Amino acid sequence: MTNEPKAMDRATKMTEVPARQLAGIILMIGRIGKSAVTGKCEALLAETGTDTPTYGNIQMLARRVDTFNLALSNAGIKLPATKTEEMRLALLLVGPETPVCKNCGDLGIDIEGGDEPILAEAGQACPACMGYLEGSGSRSPYPAWTTLETVPPTTTVDVKTVRGARIPIDEEAIRSEFRVDAGLDALLKSEGVLAREFLLWLFHGPEKRRFAGDPRGALDVLENPLAAARNENVLRNWVKDAKAFRIPQAEPASASTQAEPPTRRFAPGAREKLALLLSNLFSSSEVRRLVLNYTTDGEEICRALPEPPCSMRSLVDAVADEWIARGLVNDDLFAELIVARGGRRKDIEEVAMMFKPQPTDAEIYNALCRLMSSQFTTILYFSGAAPGTFSGDSAPQSTRATELVQWIKQDPGRRERIIADIRKAGSALL
Ligand SMILES: [Zn+2]
């Protein structure tokens, strides 16, 4: 048992909460809020801005106290502060692993056990009725046939590949939305090939040119295979090929979920500065439009944002969080902001600098050595270091650069200032 919410990876955040867990969330809200939430649980969930919230949407709803309070009040729920906090922390424990009671359908999150809600494990007794808690399934992560990215077992649709379209990727979702041709289905069964494996071969194997990158074409083949394969024999060979097909090396994009969270590489306070910049440059409706238009998953990001009316602060905070989590804070974004608000270029570039990966000591040292001596002297002069900290002008620049790097190690503020100075001296240096 644990009361530590797991850090949620991007794929999980984008996963829709399965219906069973969603029903469990409503029961749990009822269990915590009692009569104060009767008939209002759905309204609270609707504050995520969607009927089919993802785990990320639930996190967004509950992550910040002010956002959650606003959601409660929008839903017409009045709770004592302790209950509010209990409910908020309980919602933060909702993830793919959260078990559901086989008997009453409530979530395996214990709110009676102690000060903070505790996440139970599958197999334990239900905190509401002592019934048996079932896990969300023992399935493993699997490759999405559209992107080849490995997705958690709870992910059933791909909303990224085709804007505005929901492409089913798990076996059940595919088969519930598409009627697999009976002849093809018999072949798949006899070879032991899943529909999603067949689709993966179609979309990434030797026949991939047919679909020009649009997975919907491959789905059509399921329903009408002989329109694509000339005859039953060709189709039979396709299924056999699909069985033997090895998944091509996944796109580098899939590595992003395992990489260090990008925030760690940014200058301290970068996220806050970005949020502040957005609130200074735009109105809240402009912010939403910008989010919508900036990338292909704009709609999805918009759904994860707090619903209006919400404070500008909570809106821009959420935008900054979503963009950072999705690795979207980059030169493209700042170029877009400059296009929108050319008059504020300087402010925008200042924030952009904070999102540049933080250089290492060695990189700073190298950059310092490459400065012209007059530039180097100027940086030292304005460094604010006490006189006598560094060797005089007659010492080699490399010696003084070493001293400067030692000096900035003692204080992150110094480090940031020197990095900014070096970049001002020449943008190619760091
Ligand atoms: Zn139960």
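Nothing in this text is a laboratory measurement; each read-out follows from the coordinates by a stated rule. Keep in mind it's a predicted model, so treat the numbers as computed, not measured. Cβ atoms come from the backbone with ideal geometry, glycine included; neighbour counts cover every protein chain shown.
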- Query: From the square roots a ≥ b ≥ c of the eigenvalues of the alpha-carbon gyration tensor of the stretch 283-430, which class results: rounded (a/c under 1.5), prolate (a/b over b/c), or oblate?
  - Reply: prolate
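Taking neighbour counts of Cβ atoms within 10 Å as a proxy for exposure, in what order, fewest first, do L226, L333 appear? Let's see the in-between values first.
Details: L226 14, L333 19.
The most exposed by this proxy come first: L226, L333.
Fully extended, how many nm does the chain gain between D115 and K243 (0.36 nm per residue separation, minus their Cα-Cα distance)?
Working: separation 128, 0.36 × 128 = 46.08 nm, distance 5.27 nm.
Result: 40.8 nm gained on full extension.
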- Task: Would you compute, for the Cα atoms of the stretch 152-257, the largest minus smallest coordinate along each principal axis and list the three values in descending order, in whole Å?
- Result: 41, 27, 25
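Mind scanning K13/K160; K160/K189; K13/K102; K273/K356; K189/K240 and naming the pairs with a C-alpha gap bigger than 21 Å?
Numbers: K13/K160 13 Å; K160/K189 30 Å; K13/K102 25 Å; K273/K356 13 Å; K189/K240 11 Å.
Cα-Cα > 21 Å for K160/K189; K13/K102; rest within.
Just want to confirm a number: the relative contact order over the chain, from Cα pairs under 8 angstrom separated by 6+ residues, in percent. Show your work: numbers first, answer last.
Working: 537 pairs, mean separation 52.9, N = 430.
With pairs under 8 Å counted, the relative contact order is 12 percent.
Given 0.36 nm per residue, what is the gain on full extension from N103 to D9 after removing their alpha carbon distance, in nm? Intermediate values should be presented prior to the final figure.
Details: separation 94, 0.36 × 94 = 33.84 nm, distance 3.03 nm.
Gain in length upon complete extension: 30.8 nm.
Quickly rank 82-94, 160-172 as a protection proxy: mean count of other C-beta atoms within 10 Å, highest first. If you can, show how the numbers build up before the last one.
Numbers: 82-94: 20.8, 160-172: 16.4.
Going by the mean number of other Cβ atoms within 10 Å, highest first, we get 82-94, 160-172.
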- With r as the distance between the Cβ atoms of S35 and V162 and R0 = 60 Å, compute the FRET efficiency 1/(1 + (r/R0)^6) and round to 0.05. 0.85
- Query: Which cysteines does the chain leave without a neighbouring Cys Cβ under 4.7 Å?
  - Reply: C41, C302, C310, C369
- Message: Under 5 Å between amide hydrogens, which residues at least 5 positions from I109 or on another chain qualify, with H placed 1.01 Å from N in the peptide plane?
- Response: A120
- Task: Please sort 371-379, 26-34 by packing, taking for each peptide the average over its residues of neighbouring beta carbons within 10 angstrom, highest first.
- Result: 26-34, 371-379
- Message: As a test of the formula, what do you get for the chain when each DSSP H run with n ≥ 4 contributes -39,500 (n - 2.57) and the sum is divided by the residue count, at 222 nm and rounded to the nearest 500 deg cm²/dmol?
- Response: -14500 deg cm²/dmol
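Compute the relative contact order of the stretch 142-244 as a whole-number percentage, counting only Cα pairs closer than 8 Å that sit 6 or more residues apart in sequence.
Numbers: 116 pairs, mean separation 27.3, N = 103.
Reported as a whole number, the value is 26 percent.
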- Query: Once the mean 1/r over all distinct Cα pairs of the chain is inverted, what Kirkwood radius in angstroms do you read off?
  - Reply: 25.3 Å
